[in-house]
Amino acid sequence: MPNEKIGPWSSDSIPLGSQYWDTGWFGLLFILIFLGFILFNVLRAGSNKNLFIRRIPGLNAIDEAVGRATEMGKPILMVPGLSDPVNAIAVQAINICSYVTKTAAKFSNPIIMCAYSASMYTLAQEVIRDVYQQEGVPERFDPDSVRYISDRQFAFAAGVSGIIHREQTAATFFLGEFYAESLIFAETANSIGAIQVASSTEATQTPFFIAACDYVLIGDEFYAASAYLTREPVLVGSLIGQDWSKVFAIMCILCGAVSQSVFSCGHAKAVEEIVSSSNGDQTIIAEELKKLKDAEKHQFVFSKLFKTMDPPEDLKVERDPKPADEASPLVGVPK
Amino acid sequence: MRESQINFWSKVPFSGPLWMMILLTLLVGFGIVFALTKAPTQARRPITWILTFLSGAFFVAYQYWPHSINFDKNKELPKGAVEGVSAWMNETTSIVGTIAQVLAAFMLGLGIFSIMKIHGTKIIKQQKDWPFSVVLIGSLLAMLFFGYGDFHVREATKTMDFDNPNNWGFINMGRDFLFEGLLQQMDAAMFSIIAFFILSAAYRAFRARSVEATILLGTALLVILSLMGVVAFAWDGLVDKIAGQPGPTRDIILNLRISEIANWIKNTFQTPAITGIRFGIGLGTLSMALRIWLGLEKGSK
């Protein structure tokens with residue numbers, strides 16, 4: 001269907017925008033709407049200090065876990081996930097760890113942070129050092145408290161498990177990206193009776209943490225942690241922006257469900273009419289169904305906005321050919 | 001190097017412009033690092049933010065700038081300025097993406113320094129379990145030696161078939177023993193203990209201590225039973241027998257097959273719940289990325 005108009009872009013008008021083809025633009029618009037909500041609420045939070053955030057038990061447990069470790073005189077272990085290289089998830093994990101460190105620094109409690117990647121190690125060391133400086137106790141910072149273990153998944157798991165056993169940590173924090181090793185960490189910490197606070201951005205690992213840990217931050221609670229702990233307007237505002245986005249998404253889901261139900265109902269009725277009016281003639285039924293399908297292509301259904309369609313592979317866009325000398329720039333290259 | 005890899009960013013191998021670009025990049029890179037170390041602490045944040053913003057802006061532009069449709073860069077020239085920019089962005093994305101890997105490679109040295117420092121101190125001071133630190137540092141050095149040795153041998157004699165172990169020398173055998181023989185096996189051993197941990201965690205999680213835990217226990221039991229061939233066969237057979245003759249009643253009763261119940265649990269509860277969690281995580285990541293990009297993220301205070 002090279003010349004058929006499928007979406008807002010057609011082959012004969014604009015040969016660009018494969019990501020906008022059909023309803024692809026809707027996804028990008030959706031993201032822009034979310035970003036708008038977040039930015040608007042960040043601005044709003046600057047002037048309104050009394051925005052509400054619901055209670056998150058896992059985050060209340062942080063102080064409890066640090067307090068317990070202080071009473072027992074044992075170290076606190078933090079693992080900011082297996083992000084490599086450092087990404088937004090790792091930054092958030094380090095943010096929560098820095099809050100834990102801040103609390104630990106107040107009580108002179110030793111900490112151990114295990115880094116999976118070299119970049120995470122460098123970042124973590126800088127952040128932890130900063131925390132001790134901000135608390136006015138830079139001399140309490142032990143550079144060896146932040147350790148690079150290994151960037152191999154199970155070597156890292158073995159290393160962290162060994163540290164948990166040897167150091168007999170009283171509280172453990174597993175926050176960030178975790179995969180198959182999540183249960184090894186959680187069960188090892190459980191075996192020595194440590195309090196475990198955990199959160200994984202991997203939905204498949206969250207059940208393991210729920211089964212094995214004392215407190216778990218589920219899904220976006222992990223990102224809500226900074227706002228909850230610090231009450232900083234920017235963070236609180238962006239958290240409320242996320243909530244607005246969720247409400248917007250829920251409304252879209254409801255509209256989509258209603259729209260799809262109405263469409264399916266109409267489709268079923270149309271098929272029924274075709275079958276009853278054709279007197280069982282399969283050729284007529286096939287022809288009529290094809291016509292119906294074609295007609296439905298142009299029918300607006302809200303749920304269709306979420307089903308993007310790539311440009312057809314046979315869609316031909318006229319372009320000038322590449323000159324021969326430019327097409328082979330490797331002439332004379334030693335092999 | 002394939003033809004398609006020659007573009008604005010990658011020059012012809014062994015050519016003058018390539019060496020010039022490498023030199024220039026190193027100079028600029030070291031210049032930025034040097035400037036950052038000399039800059040006052042207050043100035044570092046804006047510099048870092050500007051670099052972050054520019055990098056982020058590139059990827060945002062890449063997502064929103066109209067992409068070419070069915071464009072073959074080896075045979076065709078971009079049509080117009082907009083498509084030209086799109087083609088340039090396509091070429092650039094992978095290059096810009098690898099910059100992070102290059103930076104991470106530089107940091108690996110710091111990671112190795114950390115390991116050497118912690119375990120070296122342990123050995124020198126003969127602290128508790130110091131022999132294990134000797135094993136660790138010995139393993140690190142051995143892997144470095146055999147790994148690079150093996151790479152060097154393979155690169156030097158490319159005509160030789162190294163898939164055939166008969167062609168291996170001492171260095172290749174050493175690498176194979178350390179990597180395939182030890183490391184991979186130990187990885188597998190660590191992975192396999194998860195099976196036992198699943199059992200112990202499941203035992204704790206499925207104890208009926210509260211209403212929620214009891215519901216969890218019930219649903220888990222149904223899903224587990226549905227995966228047991230004999231149980232599923234017997235249960236479904238019994239339901240089929242009870243359902244009797246075809247009709248509306250039978251259709252309703254057939255919903256009580258254990259495979260149907262398990263599918264209903266998975267499709268009606270599990271999948272939407274996981275999708276919801278993923279959506280929340282996605283929104284959180286988006287919000288975090290926006291804050292980092294715009295320099296609004298100041299870290300925990």
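Filtered by the rule that a residue be more than 10 Å from every other protein chain (Cβ to nearest Cβ) and closer than 17 Å to A:Gly46 by Cα, the range A:205-226 gives no residues. From the list B:Ile198, B:Ile224, B:Ile171, the lone residue that is over 30 Å from A:Thr206 (Cβ atoms) and either in the same structural domain as B:Gly149 (by TED's automatic domain parsing) or in a helix (DSSP H, G or I) (or both) is B:Ile171. Take the residues of the range A:39-61 that are touching a Phe, Trp or Tyr at 6+ places or on another chain (Cβ under 7 Å) and among the β-branched types (Val, Ile, Thr): which is farthest from A:Ser161 (Cα to Cα)? Checked the range A:39-61; the qualifying residue farthest from A:Ser161 (Cα to Cα) is A:Ile53.
For the range B:255-301, the set of residues classified as more than 9 Å from every other protein chain (Cβ to nearest Cβ) and not in a helix (DSSP H, G or I) consists of B:Asn255, B:Leu256, B:Arg257, B:Gly295, listed by residue number.
Inclusion of A:Ser161 among residues that are at positive phi, assigned by TED's automatic domain parsing to the domain that holds A:Ser199 and either surrounded by fewer than 17 Cβ atoms within 10 Å (Cβ to Cβ) or out of contact with any strand residue (DSSP E or B) (no Cβ under 8 Å at 6 or more places or on another chain) (or both) is not warranted. In the condition set (1) in contact with a helix residue (DSSP H, G or I) (Cβ under 7 Å, 6 or more places away or on another chain); (2) part of a loop (DSSP other than H, G, I, E, B); (3) exposed (fewer than 14 other Cβ atoms within 10 Å of the Cβ), B:Thr93 is compliant with all but (2). Among the residues of the range A:66-86, those identified as touching a residue at least 60 places away in the same chain (Cβ under 8 Å) and either closer than 11 Å to A:Glu177 by Cα or under 16 Å from the mean Cα position of the chain (by Cα) (or both) are A:Val79, A:Pro80, A:Gly81, A:Leu82, A:Ser83, A:Asp84.
Pairs are defined by a Cβ separation below 7 Å, a sequence spacing of at least 6 or placement on different chains, a first member in the range A:281-298 that is assigned by TED's automatic domain parsing to the domain that holds A:Ser259 and without any contact (Cβ under 8 Å) to a residue 40 or more places away in the chain, and a second member that is part of a helix (DSSP H, G or I) and small (Gly, Ala, Ser); the pairs so defined are A:Leu292/A:Ala270. Apart from one condition, A:Val127 fits all of (1) more than 8 Å from chain B (Cβ to nearest Cβ); (2) more than 22 Å from the chain's Cα centre (by Cα); the exception is (1).
Among what's in the range A:35-65 and is of a type in the set (Lys, Arg) and in contact (Cβ under 8 Å) with a residue 24 or more places away in the chain, pick the residue that is surrounded by the most Cβ atoms within 10 Å (Cβ to Cβ). Quick ask: steps written out before the conclusion?
Step one: list which residues in the range A:35-65 are of a type in the set (Lys, Arg), which gives A:44, A:49, A:54-55.
Still in the list and also in contact (Cβ under 8 Å) with a residue 24 or more places away in the chain: A:44, A:49.
Details: A:Arg44: 15, A:Lys49: 9.
In this case the residue turns out to be A:Arg44.
Listed conditions (1) exposed (fewer than 12 other Cβ atoms within 10 Å of the Cβ); (2) more than 26 Å from the chain's Cα centre (by Cα); (3) more than 8 Å from chain A (Cβ to nearest Cβ); (4) more than 26 Å from A:Leu16 (Cα to Cα) are all met by B:Phe14, apart from (3). Kindly evaluate B:Ile99 against the criterion of being within 30 Å of B:Phe53 (Cα to Cα), under 26 Å from the mean Cα position of the chain (by Cα), within 13 Å of chain A (Cβ to nearest Cβ) and modelled with pLDDT under 85. For B:Ile99, the condition - within 30 Å of B:Phe53 (Cα to Cα), under 26 Å from the mean Cα position of the chain (by Cα), within 13 Å of chain A (Cβ to nearest Cβ) and modelled with pLDDT under 85 - is met. Screening B:Leu110 against (1) within 10 Å of chain A (Cβ to nearest Cβ); (2) within 17 Å of A:Leu16 (Cα to Cα); (3) aliphatic (A, V, I, L, M) leaves a single unmet condition, (2).
Looking only at the range B:96-140, filter to residues that are surrounded by 13 or more Cβ atoms within 10 Å (Cβ to Cβ) and charged (D, E, K, R); which one of those is nearest to A:Gly162 (Cα to Cα)? Of everything passing the filter in the range B:96-140, B:Lys122 is nearest to A:Gly162 (Cα to Cα). What do you reckon, is A:Ser303 surrounded by 11 or more Cβ atoms within 10 Å (Cβ to Cβ), at pLDDT 90 or above and more than 14 Å from chain B (Cβ to nearest Cβ)? No, not satisfied. Whether any residue in the range A:93-102 is more than 30 Å from B:Leu182 (Cβ to Cβ), assigned by TED's automatic domain parsing to the domain that holds A:His165, modelled with pLDDT under 90 and not acidic (Asp, Glu) is what I want to check. No, because not a single residue in the range A:93-102 is more than 30 Å from B:Leu182 (Cβ to Cβ), assigned by TED's automatic domain parsing to the domain that holds A:His165, modelled with pLDDT under 90 and not acidic (Asp, Glu).
Before we move on, is B:Met89 farther than 30 Å from A:Arg147 by Cβ, more than 9 Å from every other protein chain (Cβ to nearest Cβ) and modelled with pLDDT under 85? Spelling it out, it is not the case that B:Met89 is farther than 30 Å from A:Arg147 by Cβ, more than 9 Å from every other protein chain (Cβ to nearest Cβ) and modelled with pLDDT under 85. Give the residue that is surrounded by the most Cβ atoms within 10 Å (Cβ to Cβ), with candidates limited to residues of the range A:202-235 that are in a helix (DSSP H, G or I) and small (Gly, Ala, Ser). Only one residue tops the list, namely A:Ser226.
Given the criterion away from chain A (no Cβ under 13 Å), out of contact with any Gly (no Cβ under 6 Å at 6 or more places or on another chain) and assigned to a loop (DSSP other than H, G, I, E, B), identify the matching residue among B:Ala208, B:Ala232. Lay out the reasoning, then the answer.
On the way: B:Ala232 fails: assigned to a loop (DSSP other than H, G, I, E, B).
Among B:Ala208, B:Ala232, only B:Ala208 is away from chain A (no Cβ under 13 Å), out of contact with any Gly (no Cβ under 6 Å at 6 or more places or on another chain) and assigned to a loop (DSSP other than H, G, I, E, B).
Scanning the range A:113-172 for residues being of a type in the set (Ser, Thr, Tyr), part of a loop (DSSP other than H, G, I, E, B) and out of contact with any helix residue (DSSP H, G or I) (no Cβ under 6 Å at 6 or more places or on another chain) gives a total of 2.
The values are calculated or read from the model by the stated rules, or taken from the named source; none is laboratory data. This structure is a prediction, so every number in the text was calculated from the model and none was measured. Every residue, glycine as well, gets a Cβ built from its backbone with ideal geometry; the counts of neighbours run over all protein chains shown.
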